[in-house]
1. Before I look further, what does the stretch 80-216 give for accessible area per residue, probe 1.4 Å, in whole square angstrom?
2. So how far apart, in nm, are the two label points at residue 97 and residue 158 if each is 7 Å from Cα heading toward Cβ?
3. Which lysines, on any chain, are close to residue 211 with Cα under 29 Å apart, when same-chain ones fewer than 8 places away are left out?
4. Please give, to one decimal in nm, the separation of the simple spin-label points placed at residue 76 and residue 45, each 7 Å out from Cα toward the Cβ.
5. What is the sum of charges, Lys and Arg at +1 and Asp and Glu at -1, for the other residues whose Cβ falls under 11 Å from the Cβ of residue 121?
Amino acid sequence: MPGVLFVSGATAALLAGSALVTAAPAPFTPPPDKIVIDVASVNGSGCPLGTAAVALAPDHTAFTVTYSQYLAQVGLGSQPTDFRKNCQINLIVHVPQGYSYAVASADYRGYAHLERGARATQKASYYFQGSPDTASRTHAFNGPLDNDWQVTDSTDWDQLVWAPCGVQRNFNINTELRVSAGASDPAKTNSFVAMDSADGDIRTVYHFAWKTCPQR
């Protein structure tokens, strides 16, 4: 995918199409001018430096985060702190004047191996810097499980958390993976949940929604 942003702080700028946007654009209709996403920071035990990348979709309706070391585990071969991993991505989204955006949905994918009795959760929170409004979703997995997983966070249009009009505010995405041995025996087994991939096939996709700001 073009326009990959690595945690070194590189910037992706992609030109939008020539179609005009109406005064009241429908969800996922991007503005007509270019959008630039800067990665301000990527921090967390699940995304050490150089292990996460962000890419903007050519049509500006989504961006993708790819991880290479995002894994939480318990049991054989794990450390006491490995049961929980997190990653916070701080993005600066530069949009044309007169537009606001929100993340309308997010698709998360990964792989999980959970012994019988073990449990895992995937959680994500979304908020703009300085704003009291936070959207969060949690998904649970129960063992036995040994397969790919995929979950979607979706928000109704009237409940979206929008970027403030006329003010540049960083957008934060805080994700977490957590595993509990539960009734399984961590001395004899290993359970894990991952949001990573050596070949880049497992990614997290965030879908934008757009609207016009009120005229002043």
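1. 49 Å²
2. Output for this residue pair reads 3.3 nm.
3. 34, 123
4. Each label point lies 7 Å from its Cα, and together they span 2.2 nm.
5. The answer is +4.
The values are calculated or read from the model by the stated rules, or taken from the named source; none is laboratory data. In this text, all values refer to a predicted model and were calculated from it rather than measured experimentally. Positions of Cβ are generated from backbone atoms using ideal geometry, with glycine treated the same way; all protein chains shown enter the neighbour counts. These area figures cover heavy atoms from the full protein model, side chains too; ligands, DNA and RNA do not enter into them. Shrake-Rupley method; radii C 1.70, N 1.55, O 1.52, S 1.80 Å.
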